[in-house]
Amino acid sequence: MVIVFGSINLDLVARVPAIPAAGETLLGTSFVTSPGGKGANQALAARLCGARVAMVGAVGHDAFADAALANLAASGVDLTSVMRVADATGVALINVDAKGENAITVIAGANGHALASWVGDDALVPGTTLLMQLEVPMREVGALAHRAKSRGARVVLNGAPAAVLPDGLLRDVDFLVVNEHEAAICVGQRAGVNVVRTLGARGATMEWQGTRYSEAPSHVAVVDTTGAGDALCGAFAAALDRGVAPPDALREGVRAGAVACTHRGAQSSAAPSGIAGG
């Protein structure tokens, strides 16, 4: 089973000719809302890759909550441990330009109330893969990683948004997935960490057991890069969970990330015809 402890948002997505500069106002070409949040995106990707998935996180009591959970519910993700709290459901404000590049502002809202204690000890066993990100409180991520590691579960952490990670947290992580910017902040010069570095159109590399592996994606026509990293993380975790060797899991993750770039939106990128069928 893959347990995802992380954020659940509703994405507010504007298509624009270019990402606005500071003080600049541009006329966009379209606007949509869609479910998002790095935790929810990765949970959906893992589920569509065949994993049994439980989502653990928080939403509000507002009108955005059900919309934010709609795709997870429809795909069969276990939502028993998604709690309703006295704050607004998280949102992400996303501008996507004509080249498919994006600029994102996230408002945590209910995600800031997520608690590690919502994951019971009975779920943290050697057959469990715990997948987390940094859009929920760092102290809760650290506490859950430590408890999971001590009980024999596999811990995968996506170090996004970028933040300096405590040494204790890094010791409890089996695989840290970061882009090049995040790697410099999250890892720095510290050794002994199994790091997956995502490289955009160049694919990804992985340092595992003293060996460096590289995986390049097939060429795709990029429509929107939103959610590509989340698709990679979810597919990577799902592959590890079913016993695939890490280098092969990396290959599956890179393929999923590339396919995600061919669709608009974070969770629409994880359509069955994309990741699961890739």
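The values are calculated or read from the model by the stated rules, or taken from the named source; none is laboratory data. Predicted model, so just to flag it, every value in this text is computed and none were measured. Positions of Cβ are generated from backbone atoms using ideal geometry, with glycine treated the same way; all protein chains shown enter the neighbour counts.
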Would you call G127 over 24 Å from T198 (Cα atoms), part of a loop (DSSP other than H, G, I, E, B) and not charged (D, E, K, R)? yes
Read through the list (1) of a type in the set (A, V, I, L, M, F, W, C); (2) touching a Leu at 6+ places or on another chain (Cβ under 8 Å); (3) assigned to a helix (DSSP H, G or I), then give the number of the only condition that A74 fails. (2)
For the stretch 108-120, indicate whether the set of residues that are under 17 Å from the mean Cα position of the chain (by Cα) and of a type outside the set (A, V, I, L, M) is non-empty. yes
Between R255, R197, R212, which is assigned to a helix (DSSP H, G or I), basic (K, R) and modelled with pLDDT of 85 or more? R255
Of the residues that make up the stretch 112-122, is at least one farther than 17 Å from G227 by Cα and touching a Ser or Thr at 6+ places or on another chain (Cβ under 6 Å)? yes
Can you tell which of A74, A92, A68, A58 is surrounded by fewer than 18 Cβ atoms within 10 Å (Cβ to Cβ), of a type in the set (G, A, S) and farther than 16 Å from C233 by Cβ? A74
Name, by its number, the condition in (1) under 18 Å from the mean Cα position of the chain (by Cα); (2) assigned to a helix (DSSP H, G or I); (3) surrounded by fewer than 22 Cβ atoms within 10 Å (Cβ to Cβ) that does not hold for R147. (1)
Restricting to the stretch 144-176, count the residues that are touching a residue at least 60 places away in the same chain (Cβ under 8 Å) and within 19 Å of Y213 (Cα to Cα). 3
Of the criteria (1) modelled with pLDDT under 95; (2) among the small types (G, A, S); (3) assigned to a helix (DSSP H, G or I), which one G100 fails: (3)
